[in-house]
């Protein structure tokens, strides 16, 4: 049985190729923003970003704010448009606020991002663990630990009977083995989130997941 | 997969080099083919070379705090009057170049982090010509550095916010030292000794960026990390050994990082950042 490692690939150490100046505060922040955008599945019209500890104290100097917003716009850490992200967000009519917090958290480089689009709202907390690598530690108040090293499917769906069976049937039919699975919900009968960390790389299955009844959004990343 | 330096050295016995072990392990972990993995790494090598060339040509950071020093070092190197030999001074110049490009929001390859990206790239580009390293050997250099970096990252950490600058420039210097040893034909155990000596030499190094920027003292610390890597590599190649085993040295660095007050972990509240001039610079740039 392999141990749980924070760093699995040589490219976590030699890489990423990125726009400077800080792998944890710039590249990691851009990755957090991009993953959050993928989980939300839509361009938000309002974003409130809560920054903790080192992120709170040094975000301007490292361009953490610029990188988070760039990621939320869909840019990767090596995107040359990254330095202009705040301007681009403003032009697209996205309202962005930054709130440095003094609360203690588990990891020094933490950002909690609250997104809204119309009546839809979601919060996601991302952690930058060094060298541009990140983890997702919370979605809508549900604590979890999501590393970006493994193929992962996330669905946002209506909390009705049979959803888990439908999703796992789909994985099973396609020969995908689920390593860990987390299902959480806001309240009975409301929105629920299902996270499946798998062994196989199958980005093609995300469209099939999305097509299942009562699924609002499905995303895949690795 | 190897979880400790001890395992890394042992597993490397079944391969021609640490680099070959790393490529095979990566293939096993990710399902990617070995040629694909080598070609990904070759792209990183090219980004490193480009960032050095750009830095030596002369750049200026967004704040104006850093830039132009790689160019100065290049001219000084040409003059031939330095204490350091041409290889060591070229490594210092290259390390400065990468971090000056980083500070101006240019494209670099984080190794293991952006703030410490000059060390491995800088030493590699300084030795590749004098020692006639082929392109494949240069790519191998990065795999060797990455193998040691993985063990350090998983057993201690590579974020300044977690463990101070020892986790960044210290880790980078250890990675470079190990790769330098293998590039000269040293075995995996000698490479491990070089890595251990490097970490021990940089133990306790604080992360104290002025105004929170990856500029002061990061650019010059990379130069020191590159010079230190050459020093440790030479010590190991001469047959010197770390009295404390490499895995215990890494565990000690992890413990020191955890014991470090938050003022020294990338918060810009201690060290050079807390000096009157450091505070003044912060006020000038951010107005508070």
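Bear in mind these aren't lab numbers, they're just calculated from the coordinates by the rules spelled out. Not measured: the values here are computed from a predicted model. Every residue, glycine among them, receives a Cβ derived from its backbone with ideal geometry; neighbour counts consider all protein chains shown.
Quick check on region A:152-221: take the gyration tensor over C-alpha atoms, sort the square-rooted eigenvalues as a ≥ b ≥ c, and tell me if it's rounded (a/c under 1.5), prolate or oblate. Here region A:152-221 falls in the prolate category. In terms of the Cα gyration tensor, with a ≥ b ≥ c the square roots of its eigenvalues, is region A:22-147 rounded because a/c is under 1.5, prolate because a/b exceeds b/c, or oblate? Rounded.
Which of B:208, B:46, B:187 ends up with the largest GNM mean-square fluctuation for chain B, with Cα atoms connected below 10 Å? Sorting by GNM fluctuation, first place goes to B:46.
Comparing A:166, A:201, A:120, which has the greatest mean-square fluctuation in the GNM of chain A with Cα pairs linked when under 10 Å apart? Of A:166, A:201, A:120, the most mobile in the Gaussian network model is A:120. Against chain A, whose longest principal axis comes from its Cα atoms, helix A:53-62 is set at around 60 degrees. Here is how the number arises for chain B: DSSP H runs of 4 or more residues each give -39500 (n - 2.57), the sum is divided by the residue count, and the result at 222 nm is -20500 deg cm²/dmol. Note on residue B:6 and residue B:283: the model spin-label points, each 7 Å out from Cα along the C-beta direction, lie 5.4 nm apart.
On C-alpha positions alone, give me the angle between the axis of helix B:188-202 and the longest principal axis of chain B, in degrees, nearest 10. Result, in degrees: 20.
Taking the Cα atoms only, what angle lies between the long axis of helix A:163-173 and the longest principal axis of chain A, rounded to 10 degrees? Long axis of A:163-173 versus the principal axis of chain A: about 80 degrees. Ordering B:283, A:210 by the number of other Cβ atoms within 10 Å of each residue's own Cβ, fewest first, gives B:283, A:210.
Just checking the listed ones, A:16, A:100, A:161: in the Gaussian network model of chain A with Cα springs under 10 Å, the one fluctuating most is A:161. Within 10 Å of the Cβ of each residue in A:124-133, the mean number of Cβ atoms contributed by other protein chains is 5.
Could you tell me which of rounded, prolate or oblate describes region B:83-185, using a ≥ b ≥ c as the square roots of the eigenvalues of the alpha-carbon gyration tensor, with rounded for a/c under 1.5 and, failing that, prolate when a/b is larger than b/c and oblate otherwise? In terms of gyration-tensor shape, oblate.
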